[in-house]
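Asker: To start, I am sharing the structure in question, which I have written as structure tokens.
The values are calculated or read from the model by the stated rules, or taken from the named source; none is laboratory data. Values in this document were obtained by computation on a predicted structure and should not be read as measured data. Cβ placement follows ideal geometry from the backbone for every residue including glycine, while neighbour counts extend to all protein chains displayed. Ligands, DNA and RNA are stripped out before the accessible areas are found, and what is left, the full protein with its side chains, is counted by its heavy atoms. Shrake-Rupley method; radii C 1.70, N 1.55, O 1.52, S 1.80 Å.
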Amino acid sequence: MVAVSVSDETIRTAELLAIERMVDSLPVFGNYDPDRIRVIAETVYTLMEEEDGLDALFGLVRDGLTERLHETAYALACDVAASDVKIGQAELRLLEELRHELNIDRLHAAAIERGSRARHMTL
């Protein structure tokens with residue numbers, strides 16, 4: 001989630017609030033220590049500045065998630081991207097790479113993306 005927010009080099013308040021809201025309310029984070037967010041964010045920032053940082057980040061994601069949570073992780077990343085209603089090319093590229101790294105089927109990814117778009121639609 002943090003990587004999507006950082007990917008366009010502009011961390012928007014809406015994205016940070018979306019991350020906080022998800023960590024505070026979703027069952028997948030039931031045993032998660034919210035104080036870890038700062039450490040995770042600093043790690044992501046550092047990795048995004050390194051030449052092979054994205055590969056290292058994806059390695060951490062793959063190692064830290066069971067396969068059954070891959071679609072959940074992708075859905076959360078899509079929700080962060082959609083939260084500020086401005087999805088730029090950098091965010092789209094990162095989501096595409098994440099989809100590939102997590103082996104998310106294109107049809108399932110499209111459904112997840114459409115759901116995120118619908119949840120964050122404005123009048």
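Asker: Rounded, prolate or oblate: which one fits the stretch 47-108, using the alpha carbon gyration tensor with axes a ≥ b ≥ c (rounded when a/c is under 1.5, else prolate when a/b beats b/c, else oblate)?
Answerer: Details: a/c = 1.76, a/b = 1.05, b/c = 1.68.
In terms of gyration-tensor shape, oblate.
Asker: Same structure, new question: Just to be sure I understand the model, the point goes 7 Å from the Cα along the line to the Cβ. What's the resulting Leu107 to Thr43 distance in nm?
Answerer: Roughly 3.5 nm, to one decimal.
Asker: Output ³J(HN,Hα) for the stretch 106-122: one whole-Hz value per residue in order, computed from phi by the Karplus curve 6.51 cos²θ - 1.76 cosθ + 1.60 with θ = phi - 60°, and x for Gly and Pro.
Answerer: Each residue of the stretch 106-122 in turn: 4, 5, 5, 4, 4, 5, 4, 4, 5, x, 5, 4, 4, 5, 10, 5, 10 Hz.
Asker: What part of the accessible area of the chain, given as a whole %, is carbon or sulfur when the probe is 1.4 angstrom?
Answerer: Reported share for carbon and sulfur atoms: 52 percent.
Asker: Right, here's the next one. So the label point goes 7 Å from the Cα of Met121 along Cα→C-beta, right? Which residues of the stretch 70-97 then have their backbone N under 20 Å from it?
Answerer: In the stretch 70-97, the label zone of Met121 (backbone N under 20 Å from the point 7 Å along Cα→Cβ) covers 75-76, 78-88.
Asker: Let me ask something else. Can you compute the helix-only [θ] at 222 nm over the chain? Use -39500 (n - 2.57) per DSSP H run of at least 4 residues, normalise by all residues, nearest 500 deg cm²/dmol.
Answerer: When only DSSP H runs of four or more count, the value is -22000 deg cm²/dmol.
Asker: Provide the three semi-axes, in whole Å and in decreasing order, of the ellipsoid equivalent to the chain as defined by the square roots of 5 times the Cα gyration tensor eigenvalues. Write out the running numbers ahead of the final one.
Answerer: Numbers: eigenvalues 72, 58, 53 Å².
They are 19, 17, 16 Å, listed largest first.
Asker: Okay, next question. Can you tell me the length gained on complete extension of the stretch Arg12 to Leu69, counting 0.36 nm per residue apart and subtracting the Cα distance?
Answerer: 17.9 nm
Asker: Another question about this same structure. Roughly what would the spin-label model give for Arg36 and Glu20, points 7 Å off Cα along C-beta, in nm?
Answerer: Inter-label distance under the simple model: 2.0 nm.
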